[in-house]
Amino acid sequence: MIEEYQRLDKRVQKWLFNQGWPDLREIQKKAIEPILSGDRDVLISASTAAGKTEAFFLPACSAIAKDKSGFGILYISPLKALINDQYRRLESLSEMLDMQVTPWHGDSLQSKKKKARNNPSGILLITPESLESLLVREAGWVKQAFISLKYIVIDEFHAFIGTERGQQLLSLLTRLEHITGRFSNPIPRVALSATLGELEKVPLSLRPNKSLPCETITSSKHQSTIKVQVRGYLEPTDIMSDKTCTSAEQQICQEIYELCRGDSHLVFANSRSRTESIAAQLSDLCEQQVVPNEFFPHHGSLAKELREDLEARLQKETLPTTAICTMTLELGIDIGKVSSVIQVTAPHSVSSLRQRLGRSGRRDSPSILRMLITENELSDKSNIVDGLRLELVQSLAMIRLLIVSNWFEPADTEQMHLSTFLHQILAMVAQWGSVRADQLYSLLCEQGSFKEISVQHFKQLLSHMGTVQLIQQLNSGELVLGIEGERITNSYTFYAVFKTPEEFRIVAGSKTLGTLPVDTLILKDQHIIFGGRRWKVTDIDDDKKVIYVTSTKGGKPPKFNGSGMLIHDRVRQEMLNIYRTGDYRIELGNQKIDFVDNLGRQLFQEGVDLFKDASLGRQPIYQSGNHCYIFSWMGDKVVNTLTVLLIRGGFVCSDFGGVIEVQNSNSGDIKNYLIDLANDELPDETELAGALTIQQKLVEKYDEYLPEDLLTEGYGRKAFNSTAAKQWILNQLAV
C-alpha cells in the first residue's frame with residue numbers, strides 16, 4: 001500500500017489511518033495514478049461493495065485539496081437518495097480536508113445552495129435534472145463556478161447508458177465543457193458501475209466524441225461467495241371460485257414472514273401494486289402474531305418522509321427491517337447490511353439481478369439470493385405457455401448467465417433519442433436566448449452525443465418545431481423560442497426528459513376493472529392479462545386513455561406476460577439451451593450444484609417434458625387445435641417484428657413472454673407467409689412502425705412534438721429488428 005498511499009494528500013492519509021484500514025483494495029490502488037494524472041477518462045467497473053466510490057474520491061479529493069475557488073468535483077447521480085447518502089459518506093473526509101460538499105437537488109436545503117452560490121468550491125453532488133436547470137436558468141454563474149472543474153464523476157453509470165436520461169446527461173456534459181471553454185482541454189469523466197455489459201464499448205458511451213482516451217479499471221481479486229435458491233409455487237386453478245384456496249401470493253408472504261422475521265432483508269416485487277399487496281399481508285401477519293411490524297413498502301409513489309424513514313431504519317441496523325420494494329432500492333444507496341435479497345417473479349434483466357444480489361453479502365458475509373417463482377396449476381385446458389413454466393426457466397437462465405457466464409445486457413446505443421434531442425434544442429435556445437442552427441448541430445451532434453441524427457433529420461425536426469411554434473427564426477437567421485416553446489421551458493417539469501407510463505382504464509362492458517400502466521405495445525385484438533384473467537382487446541381510446549376488453553373463452557390464461565422491458569436474445573437462447581439439455585444446474589469443480597427446491601424441480605421437469613413432447617427442439621411452430629404458437633427463442637425486438645409482420649398479413653396474434661400465439665391458423669400458412677416475405681424483401685423497422693397508430697408510438701415525453709416520419713423511424717429502431725428476424729426465418733423455417 002505504501003507507494004500508492006504516499007501519493008494521496010497527507011490529510012487523506014490521516015483519514016485512512018483513522019478509518020483503521022489495513023490496506024487499500026486492489027481497485028483503489030489501481031485508480032490512484034490514472035485519476036491523479038487528470039489526462040484521461042476512467043471507467044471503474046467492479047462488483048457492489050468493492051470500494052468503487054473511494055477509488056475515485058480518495059485521489060480526486062487529494063487533487064483538489066488545495067483548490068478553494070470554484071467547484072473541483074462534479075458528482076452526478078441518478079437518485080436524490082443516493083446524493084444524500086454520498087453526502088453522509090463524504091462528511092468525515094471533507095471535514096478532514098476542510099472541503100465544502102454541497103448536495104444540490106429539489107429537496108436540498110436552500111441554505112446549503114446559497115452558500116455554494118456565494119462561494120462555489122469543493123464537491124457538488126447533483127442530478128442531471130438539477131444540472132439542466134442551472135444551465136438554462138443560471139448559465140453565467142455556471143460558467144464562473146465550474147471554470148476550474150477537475151473531474152466529473154457519474155455514479156451507477158449503467159442506470160444512464162443507452163437511455164433518454166443518459167442521452168440528456170451526455171449532452172449536458174458537452175454543453176458544460178462548451179460554456180467553460182474546455183473543448184480543447186476536456187474535463188476528465190469517471191464512470192462508476194457494477195453492471196456494465198461489453199466493457200470495451202462503454203468508453204464511447206462515456207465520451208462519444210473521443211476527445212480523451214479512457215482507461216478501464218476492473219478488480220480481479222474481489223470475489224464474493226454467492227448463495228442462491230429458487231423456490232416454486234403453484235397458483236391453484238380454482239383460486240377465483242374457491243375462497244378456501246390459499247393463493248400463491250399468500251404462500252409466498254407466509255414464506256417471507258418465516259424467512260425474514262428477526263433480521264433485515266430486501267424483497268423485490270417489481271410492480272408497485274404487488275409491493276403494496278405483499279407489504280400489507282406481511283404487516284397483517286405481524287399483527288395476527290402480536291409482534292411488532294418489521295415489513296415496510298418502498299417505491300417511487302411513497303411520500304419522501306416514508307421512504308427516508310425506512311432507509312434510515314435500515315442504515316441504523318438496530319431493528320430488524322425488511323423492505324418490500326420496486327427498483328428504488330436497486331441502486332447503491334447505503335442501507336447497511338441486509339442478510340438476503342428475495343426476488344418475487346422473474347427479474348427485468350440480468351443486469352438488474354446483479355445489482356439486487358449485490359445489496360446483500362457486504363462485510364465479508366455471503367450474498368444470498370432467493371427467487372420465489374409462481375406458476376399456474378395445470379388443467380386439461382391449460383395453455384402451452386403455462387405448461388412450459390417459462391417464468392421459472394427465464395429465472396434459471398438469468399441466474400446461469402449471471403453466475404456462470406458473468407454476462408450482463410449491453411446498452412442499446414443505436415437509438416436516435418429524438419424526444420431528448422428536441423428537449424436539448426429547446427434547452428439550448430432557452431439557455432442562450434438565441435442560437436444559430438449550425439451551432440446547435442455542432443454542439444449536440446458533432447461534438448455531442450446525438451451521433452445517430454443526420455443533417456437531414458435535423459433540418460426536418462427544426463422545420464416541424466417551427467410549425468408547432470416551439471421555435472421561430474429571426475431575420476438574422478438565429479433561432480428563438482416560440483409561444484409553445486416558452487410555455488414548455490417555463491414549466492418546472494421541463495428539466496426532466498423522462499415520463500412515467502400512462503395509466504389506462506381497463507373497461508369490460510360497462511364495468512371498469514382497474515387501471516394499467518401502459519409501457520408496452522398494445523394492439524386491437526391482442527390478448528392481455530389483467531386481474532388474473534385473460535381478455536381480448538376490442539378497442540383502444542387513446543384520447544380517453546381507455547382499453548376496452550371482452551372476456552375470452554378457454555382455460556386459465558398464460559400467467560407470464562412480460563414486464564415492459566425488452567428481453568435480450570441471449571436470455572432466450574439460454575432458456576432454449578436449458579430446455580434442450582434438461583439441466584439448469586451450475587458446475588463447480590466435478591460437481592453440479594442444484595439450487596432449486598422440490599416443487600421448483602417438479603415444475604421445471606413438467607416444462608422440459610412438454611418441450612420434448614411438443615418437439616420444440618426441432619420445430620419452432622407448434623400447432624394446438626386451431627391455434628399456433630411460434631417459439632423463436634429470440635429477444636423481444638425479433639418477437640415484436642414477427643408479431644407485427646403477421647398482423648400485417650391478416651393474422652390475429654399476441655405474444656406472451658416471447659411466445660407468439662396465432663389464432664385460427666395453421667403452421668403451414670404461417671411458414672409460407674414468413675418465408676415468402678424473407679425471400680422477397682422484409683419491411684424495415686421504419687415500415688413496421690408505420691403500421692402502428694401515432695398514439696401507440698408516443699412513448700417518450702416529447703414524442704408528441706415530433707414530425708410523424710421521425711417519430712416512426714425512432715420508434716422502429718427501438719422496437720424492431722428486421723435483419724435479425726429475416727435471419728431467423730431463413731435459418732429456422734426455410735429448412
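The values are calculated or read from the model by the stated rules, or taken from the named source; none is laboratory data. Keep in mind the model is a prediction, meaning the values are calculated, not measured. Here Cβ is always computed from backbone atoms with ideal geometry, including for glycine, and neighbour counts include all displayed protein chains.
Of note:
- Any hit, region 583-594, residues being over 24 Å from Asn376 (Cα atoms), at pLDDT 85 or above and among the charged types (D, E, K, R): yes
Residues are listed down the side, and each one gets a yes or a no for (1) touching a Lys or Arg at 6+ places or on another chain (Cβ under 8 Å); (2) of a type in the set (A, V, I, L, M, F, W, C); (3) within 25 Å of Glu377 (Cβ to Cβ):
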site: Cys245; (1), (2), (3): no, yes, yes
site: Cys260; (1), (2), (3): no, yes, no
site: His265; (1), (2), (3): no, no, no
site: Phe268; (1), (2), (3): yes, yes, yes
site: Arg274; (1), (2), (3): no, no, yes
site: Ser277; (1), (2), (3): no, no, yes
site: Glu294; (1), (2), (3): yes, no, no
site: His299; (1), (2), (3): yes, no, no
site: Glu308; (1), (2), (3): no, no, no
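- Selection from region 90-111 of residues that are surrounded by 15 or more Cβ atoms within 10 Å (Cβ to Cβ) and at pLDDT 90 or above: Leu90, Leu93, Ser94, Met96, Leu97, Met99, Gln100, Val101, Thr102, Pro103, Trp104
- If the condition is being out of contact with any helix residue (DSSP H, G or I) (no Cβ under 9 Å at 6 or more places or on another chain) and not charged (D, E, K, R), then region 673-696 contributes Thr693, Gln695.
- For region 220-245, a tally of residues being farther than 17 Å from Ile403 by Cβ and at pLDDT below 80 returns 10.
- Screening region 92-120 for residues that are free of Cβ contacts under 8 Å to residues at least 60 places away in the same chain and small (Gly, Ala, Ser) and picking the one that is nearest to Cys61 (Cα to Cα) gives Ser94.
- Filter result for the condition that a residue is of a type in the set (Val, Ile, Thr) and under 26 Å from Leu172 (Cβ atoms), over Ile27, Ile35: Ile35
- Flag for Gly668 being out of contact with any Ser or Thr (no Cβ under 8 Å at 6 or more places or on another chain), of a type outside the set (A, V, I, L, M) and modelled with pLDDT of 95 or more: no
- Condition met for Ser62 (farther than 19 Å from Ile147 by Cβ, among the hydroxyl-bearing types (Ser, Thr, Tyr) and surrounded by fewer than 22 Cβ atoms within 10 Å (Cβ to Cβ)): yes
- Look at region 276-287: where a residue is closer than 15 Å to Thr326 by Cα and a partner is in a helix (DSSP H, G or I) and among the charged types (D, E, K, R), sitting 6+ places away or on another chain with Cβ atoms under 8 Å, you get Ser277/Glu249; Ile278/Glu249.
- The lone exception for Leu692 - which of (1) over 27 Å from Glu391 (Cα atoms); (2) modelled with pLDDT under 95; (3) of a type in the set (A, V, I, L, M, F, W, C); (4) outside any loop (DSSP other than H, G, I, E, B) it fails: (4)
- Within region 613-632, the residues that satisfy the criterion of being surrounded by fewer than 23 Cβ atoms within 10 Å (Cβ to Cβ) and outside any strand (DSSP E or B) are Asp613, Ala614, Ser615, Leu616, Gly617, Arg618, Gln619, Pro620, Gly625, Asn626.
- Within region 31-51, the set of residues being more than 16 Å from Gln6 (Cβ to Cβ), modelled with pLDDT of 90 or more and buried (at least 20 other Cβ atoms within 10 Å of the Cβ) comprises Pro34, Asp41, Val42, Leu43, Ile44.
- The single condition among (1) over 23 Å from Lys316 (Cβ atoms); (2) touching a Gly at 6+ places or on another chain (Cβ under 9 Å); (3) not hydroxyl-bearing (Ser, Thr, Tyr) that Lys80 does not meet is (1).
- Taken as a whole, the structure leaves Arg182 outside the set of residues that are touching a Cys at 6+ places or on another chain (Cβ under 8 Å) and not aliphatic (A, V, I, L, M).
- Region 671-682 residues that are in the same structural domain as Glu661 (by TED's automatic domain parsing), paired with ones that are buried (at least 19 other Cβ atoms within 10 Å of the Cβ) and β-branched (Val, Ile, Thr) (beta carbon under 7 Å, 6 or more apart): Lys671/Ile621; Leu674/Ile729; Ile675/Ile729; Ala678/Ile729
- Flag if Arg389 is at pLDDT 90 or above and touching a strand residue (DSSP E or B) at 6+ places or on another chain (Cβ under 6 Å): yes
- Residue within region 527-546 that is more than 30 Å from Asn406 (Cβ to Cβ), buried (at least 18 other Cβ atoms within 10 Å of the Cβ) and at pLDDT 85 or above present: yes
- Enumerated strands (runs of 3 or more DSSP E) restricted to region 143-241, each holding at least 3 residues that are touching a residue at least 24 places away in the same chain (Cβ under 8 Å) and either closer than 27 Å to Lys718 by Cβ or not hydrophobic (A, V, I, L, M, F, W, C) (or both): 189-193, 214-218, 226-235
- Helices (runs of 4 or more DSSP H) enclosed by region 401-472 - at least 3 residues per element that are buried (at least 19 other Cβ atoms within 10 Å of the Cβ) and in contact (Cβ under 8 Å) with a residue 24 or more places away in the chain: 418-432, 455-467
- Condition met for Ser133 (farther than 24 Å from Ala31 by Cα, in the same structural domain as Asp9 (by TED's automatic domain parsing), at pLDDT 90 or above and of a type in the set (S, T, N, Q)): yes
Conditions (1) of a type outside the set (Val, Ile, Thr); (2) over 16 Å from Glu391 (Cβ atoms); (3) in the same structural domain as Ile675 (by TED's automatic domain parsing); (4) touching a Lys or Arg at 6+ places or on another chain (Cβ under 9 Å), marked per residue:
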{"site": "Glu587", "(1), (2), (3), (4)": "yes, yes, no, no"}
{"site": "Phe604", "(1), (2), (3), (4)": "yes, no, no, yes"}
{"site": "Gly650", "(1), (2), (3), (4)": "yes, yes, yes, no"}
{"site": "Val659", "(1), (2), (3), (4)": "no, no, yes, no"}
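- Residue among Ile373, Ile384, Ile278 that alone is more than 27 Å from the chain's Cα centre (by Cα) and either assigned by TED's automatic domain parsing to the domain that holds Glu258 or modelled with pLDDT of 90 or more (or both): Ile384
- Among (1) in a helix (DSSP H, G or I); (2) closer than 29 Å to Leu566 by Cβ; (3) at pLDDT 90 or above, the one test that Ile324 misses: (1)
- Pairs, first on the phi > 0 side of the Ramachandran plot in region 379-395, second hydrophobic (A, V, I, L, M, F, W, C), C-beta under 8 Å, six or more apart: Arg389/Leu603; Arg389/Phe604
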